[in-house]
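The values are calculated or read from the model by the stated rules, or taken from the named source; none is laboratory data. Quantities reported herein were computed from a predicted structural model and do not represent experimental measurements. Positions of Cβ are backbone-derived with ideal geometry, glycine not excepted, and every protein chain shown enters the neighbour counts. The protein model used for the area step is the full one, side chains on, heavy atoms only, and it has no ligands, DNA or RNA in it. Shrake-Rupley method; radii C 1.70, N 1.55, O 1.52, S 1.80 Å.
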Amino acid sequence: MSQQLPSALLSSLQTAKGFDEAAFVRTHASGEQIVSIRLNPAKCEPAQLELAVGDKVPWSSNGYYLPARPSFTLDPMFHAGAYYVQEASSMFIEEAVRQCCAVSEPLKALDLCAAPGGKSTLLQSVLSAESLLVSNEVIKTRAAILAENITKWGAPNVVVTNNDPKDFQRLPGFFDLIVVDAPCSGSGLFRKDPSAMEEWSLNNVELCSQRQQRILADVLPSLKDGGVLIYSTCSYSEKEDEEIADWLLSEEGLQMENIRLQIKPDWNIVESSSKNKTAYGYRFYPDKVKGEGFFIAVFRKLGAAVTQKQSAGKSKPLLPTKQEVAVVQKYVSDDEMFSLLKLKDEVIVFPSVQFENMLLLQSLLYLKKAGIKAGTVIRDELVPDHELVMSTIMSGTIRRVEVDKETVLDYLRRKDVHIEAEKKGWAIITYHGLNIGLAKILPNRVNNYYPREWRIINK
Ligand code: SAM
């Protein structure tokens, strides 16, 4: 490793619980890279993967280490949403959610700082199918990447929003769970990306800490009494970690208490406690765990859990026509469990239990994507959207054509592909049984409908 760890970082960490400078420096100097993925249990079993997987990530149901870094771009199952490439320490969010929330209940969860989607795809797998996940990203371009990853994940109970944290004050006491995976100074990722060391400074740590407080103060009114807040960073700095926990507990208006988690000793996660309020937090050091730097602390909002009823106000829902409903329903499996609405002229499909919530969110926030976009109804036919094809709710109405690796990679590059099929018309290209995208088979050619902006370039 050519870059040196910033000396101001090393001196500032002398008081941090569990910090072992020699081991920490050695681990960074080793250049060892750890790669891990988390499977999408709604789409894929470990045995279906082509990738060689190694040990399980100890605190995760679906996380696996890989023996080496493959080219994910050239793995069609990656594009199919069979797994998400995620750093192992941050998969611990699952354990925090399971320990602190009734995950079999229908919960309303907000992932406030969600792009590119690692924590959101994880939360979606852990929460019940009757739950609603609002996955928000304030930066517009990053919200587009988030929407793409959520689309590939395929679940119908996720809404992607592009709002400022304070916009959620329009939903007082609404959420059972809020995850704030805060923007931070990023020292926890120095081993993965040594060039980030050049941008690190104590001044930036201070600025991040102030921003973290602002974000939390802005969003916490939307957490219900008795609701759970998970706060995490990929920074080692106490100013962004334990001191934020102290701040949360000392702001009277916020009414928060800290929750202690159960940690297995062989996980080698360090439990820390904050200086002023003795709030428990959990530190992941790369010299102790097989993962990158990470911090997490969990809180509960004081007060008895009460659901505040909110109404969508006067705005009228945009409903699809009867004909649109009849056409779209044919393409949705278990269609009696789903409702349809129109969003920006498109028919969207989502769990019926979320109908009221969907109207509320539509009237109060900027929805980048909601549920599953079904497509456009032209006369009595549906021109299916790629979102429907990637979803876990599509019925077998369109035939599926399994192709080999070379063909699927050409399809993903949006090149011409050759498919032998007697029947002409719409087909879903599949690989290892997983939907990849749409094609129209014509007598003398195949039209490739893979989204242009997602295609593989230069590989
Ligand atoms: N949770 C994500 C995941 O697991 O894939 C990573 C989130 S990253 C650590 C922090 C996110 O916060 C970034 O996407 C960033 O754009 C966003 N962000 C930056 N400034 C923000 C602000 N003032 N309020 C809310 N989010 C912000």
Subset of segment 96-110, residues open to solvent by less than 40 Å² (accessible area, probe 1.4 Å) and either part of a helix (DSSP H, G or I) or without any contact (Cβ under 8 Å) to a residue 40 or more places away in the chain (or both), comes to A96, V97, C100, V103
State all residues of segment 189-226 that are of a type in the set (S, T, N, Q) and open to solvent by 60 Å² or more (accessible area, probe 1.4 Å); if no residue qualifies, say none.
-> N203, Q210
Of D266, D287, D241, D246, which residue is modelled with pLDDT of 95 or more, of a type in the set (D, E, K, R) and in contact with a strand residue (DSSP E or B) (Cβ under 8 Å, 6 or more places away or on another chain)?
-> D241
In segment 19-70, the residues that are open to solvent by less than 60 Å² (accessible area, probe 1.4 Å) and assigned to a strand (DSSP E or B) = V35, S36, I37, R38, L39, G63, Y64, Y65, L66
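Being of a type in the set (A, V, I, L, M, F, W, C) and within 30 Å of F24 (Cβ to Cβ) is the filter here, so list the residues in segment 163-200 that pass it.
Selection gives V179, V180, A182, C184, L189, F190, A196, M197, W200.
Can you name every residue in segment 129-155 that is over 14 Å from the mean Cα position of the chain (by Cα) and either within 11 Å of the ligand (Cβ to nearest atom) or open to solvent by 10 Å² or more (accessible area, probe 1.4 Å) (or both)?
A129, E130, V138, I139, K140, T141
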From V53, V57, residue being over 22 Å from E199 (Cβ atoms) and in contact (Cβ under 8 Å) with a residue 24 or more places away in the chain | V57
Among (1) modelled with pLDDT under 95; (2) in contact with a strand residue (DSSP E or B) (Cβ under 6 Å, 6 or more places away or on another chain); (3) on the phi > 0 side of the Ramachandran plot, the one test that V383 misses | (3)
Long-range neighbours under 6 Å by Cβ, at least six apart or interchain, first residue over 12 Å from K192 (Cβ atoms) within segment 19-36, second at pLDDT 95 or above and surrounded by fewer than 12 Cβ atoms within 10 Å (Cβ to Cβ) = none
Filtering segment 245-269 down to residues that are touching a helix residue (DSSP H, G or I) at 6+ places or on another chain (Cβ under 8 Å) and in contact (Cβ under 8 Å) with a residue 60 or more places away in the chain yields I259, L261, Q262, I269
Kindly indicate whether R98 is more than 12 Å from the chain's Cα centre (by Cα), away from the ligand (no atom under 13 Å from the Cβ) and basic (K, R).
-> yes
